[in-house]
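Worksheet: one structure, shown below.
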Amino acid sequence: MSGSLIVVGLGPGTAQWITPAAQAALDAATDIVGYGPYVDRVPERVGLTKHASDNRVEVERAAHALHLAADGRRVAVVSGGDPGVFAMAAAVFEALEAGPREWLNIPITVEPGITAMLAAAARAGAPLGGDFCAISLSDNLKPWEVVTTRLRAVLAADLVICLYNPISKARPWQLGKALELAAEQRSPETPVLFARAVGRPDESLRILTLAEAVTAASTADMATLVMIGASSTRLIAREGRPPYVYTPRSVAKMPCATSQGRT
Ligand code: SAH
């Protein structure tokens, strides 16, 4: 048997958000490699070997998967959401780049999944209807100065900003700092979403103002996607129900007079 490696996105939580193509890749695999909770989401079956690992060892996990594929196994590396968004697909290519040249003969494919920001946006309405960006607040892999430089740039550009990895026990203050930076450039009334565990039984969606979000930063956790609205992001209120949140597709003029080079 000639081996292969496929990096599979499991979506944010519910099995209904696993694509048929991702499911087919899981069904065809001989080995599942990934972070424990994601590996647990793949049911046991005869002929399937599961390799669960800790969250912090992505590149070693990817190298292990490449070794298995080089030995002739059909390996599925699983990620939550989309595997290309702050996840295992990049770790696989990092391991490939650093590994032996023979690994270049392994067919590697990536099977997309629904990433957290798209699931969160769908729950809220259409907050990503205009231009937007995604930033990981984790400073494990990049200096915090890089995060703040990028945040300032996208705040000035009036993009909707999706924050992944907003907070953890080891990184308790970064989200508060990011929201304070946002409050320096955006109105206190700007809608901010805290979308937690979307697609899982304990899902919650909180729609806050930016001013409220600054004080509520510590109530977010690792399972939360934080979305900061742009100047045009707004609510449509409903009687007895949460409002819809949306960002119009059209932009009349640049609202940030602070952009460099403006006269
Ligand atoms: N590859 C994943 C992201 C991995 S980074 C994806 O495409 O979604 C992990 C971060 O994703 C978490 O800290 C959180 O910010 C976000 N996230 C993942 N699953 C989520 C979910 N079900 N609900 C809300 N946010 C989620």
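Nothing in this text is a laboratory measurement; each read-out follows from the coordinates by a stated rule. Quick caveat: nothing in here was measured; it's all calculated off a predicted structure. Neighbour counts run over all protein chains shown; Cβ positions are idealised from the backbone, glycine included.
Between Tyr244 and Asp221, the C-beta separation translates, for a Förster distance of 25 Å, into a calculated FRET efficiency of about 0.50.
Straight-line reach from Lys169: taking Cα to Cα under 20 Å and skipping same-chain neighbours fewer than 8 places apart, the lysines in range are Lys142, Lys177.
The three principal axes of the Cα atoms in segment 117-246 give end-to-end lengths of 44, 33, 24 Å, sorted in falling order. Here the Gaussian network model covers the chain, with springs between Cα atoms less than 10 Å apart; of Ala217, Ala195, Ala98, Ala98 fluctuates the most. Listed by chain and number, the aspartates and glutamates whose alpha-carbon sits under 18 Å from that of Lys253, ignoring those within fewer than 8 places in the same chain, are Asp131, Asp158.
For segment 137-161, the residues whose amide N sits under 18 Å from a probe point set 7 Å from the Cα of Arg171 along the beta carbon direction are 137-155, 161. Rounded if a/c is under 1.5, else prolate if a/b is larger than b/c, else oblate: which is segment 4-114, with a ≥ b ≥ c the root eigenvalues of its Cα gyration tensor? Because a/c hits 1.5 or more and a/b exceeds b/c, segment 4-114 counts as prolate.
Free of any trypsin sites (Lys or Arg not before Pro) that DSSP assigns to a loop and that have at most 10 other C-beta atoms within 10 Å, the longest stretch within the chain is 57-168. Expressed as a fraction of 2.2 N^0.38 Å, the value expected for a compact globular protein of N residues, the C-alpha radius of gyration of segment 54-172 is 1.25. Other residues with beta-carbon under 11 Å from the beta-carbon of Ala95 carry, at +1 per Lys or Arg and -1 per Asp or Glu, a net charge of -3. Label point of Glu184 set 7 angstrom out along Cα-Cβ; within segment 142-173, amide nitrogens under 12 Å from it belong to 148-153, 155-156. Computed packing ranks the peptides 75-81, 197-203 as 75-81, 197-203, most packed first, by mean other Cβ atoms within 10 Å.
According to the calculation over all Cα-Cα pairs in the chain, the P(r) per 5 Å bin from zero is 1, 6, 12, 15, 16, 14, 12, 10, 7, 4, 2, 1, 0, 0 %. Label positions at Ser204 and Gln23, each projected 7 Å from the Cα along the C-beta direction, are separated by 3.1 nm.
The Cα center of segment 89-113 and the Cα center of segment 199-214 differ in position by 36 Å.
For Arg56 and Lys142, a Förster radius of 22 Å and the Cβ-Cβ distance give a FRET efficiency of 0.90, rounded to the nearest 0.05.
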